[in-house]
Amino acid sequence: QVQLVESGGGLVQPGGSLRLSCAASQSIFSMYHMGWYRQAPGKQRELVAFVTIIGTTTYPDSVKGRFTVSRDNAKNTMYLQMNSLKPEDTAVYYCKATRNQYEYWGQGTQVTVSS
């Protein structure tokens, strides 16, 4: 089983930046596709960024050009660099590891964008 721990959330003003981290418990991290998701109050959880085991990335239009996902397999860690943050980016951000029929979620980290 893979345990995931997110960190780096907090309160930031509109237009600001944050960098989230997702640390995995196992060295087999490199064998998992990884994703960042977010869930705002009253809304469904949605994909924010996805990075495959070979480093291919995918973003929805809502964050494209502002968010960048990366992974460091040597550190068993995935990152999400978030720039030009907007109030609508406010949500709990989760990371997920996926491999075949297996998926594991972190506990989430709160991101609040407000002046």
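Data overview
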quantity	calculated
One residue from Ser27, Ser84 being on the phi > 0 side of the Ramachandran plot, out of contact with any Asp or Glu (no Cβ under 8 Å at 6 or more places or on another chain) and among the polar types (S, T, N, Q)	Ser84
Odd one out for Ala24 among (1) over 16 Å from Val113 (Cα atoms); (2) surrounded by fewer than 14 Cβ atoms within 10 Å (Cβ to Cβ); (3) among the hydrophobic types (A, V, I, L, M, F, W, C)	(2)
Residue check, Gly8 surrounded by fewer than 18 Cβ atoms within 10 Å (Cβ to Cβ), under 11 Å from the mean Cα position of the chain (by Cα), modelled with pLDDT of 95 or more and not acidic (Asp, Glu)	yes
Criterion violated by Phe29 - all others in (1) closer than 25 Å to Ser62 by Cα; (2) under 17 Å from the mean Cα position of the chain (by Cα) satisfied	(1)
Leading residue by the ranking (nearest to Met31 (Cα to Cα)) among those in region 45-64 that are assigned to a loop (DSSP other than H, G, I, E, B) and open to solvent by less than 80 Å² (accessible area, probe 1.4 Å)	Ile53
Odd one out for Ser30, checked against (1) at pLDDT below 95; (2) assigned to a strand (DSSP E or B)	(2)
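The values are calculated or read from the model by the stated rules, or taken from the named source; none is laboratory data. It should be emphasised that the depicted structure is a prediction, and the values quoted were computed from it without experimental measurement. Neighbour counts are summed over all protein chains in view; Cβ atoms, including those assigned to glycine, are modelled from backbone coordinates with ideal geometry. Keep in mind that these areas ignore ligands, DNA and RNA; they rest on the heavy atoms of the full protein, side chains included. Shrake-Rupley method; radii C 1.70, N 1.55, O 1.52, S 1.80 Å.
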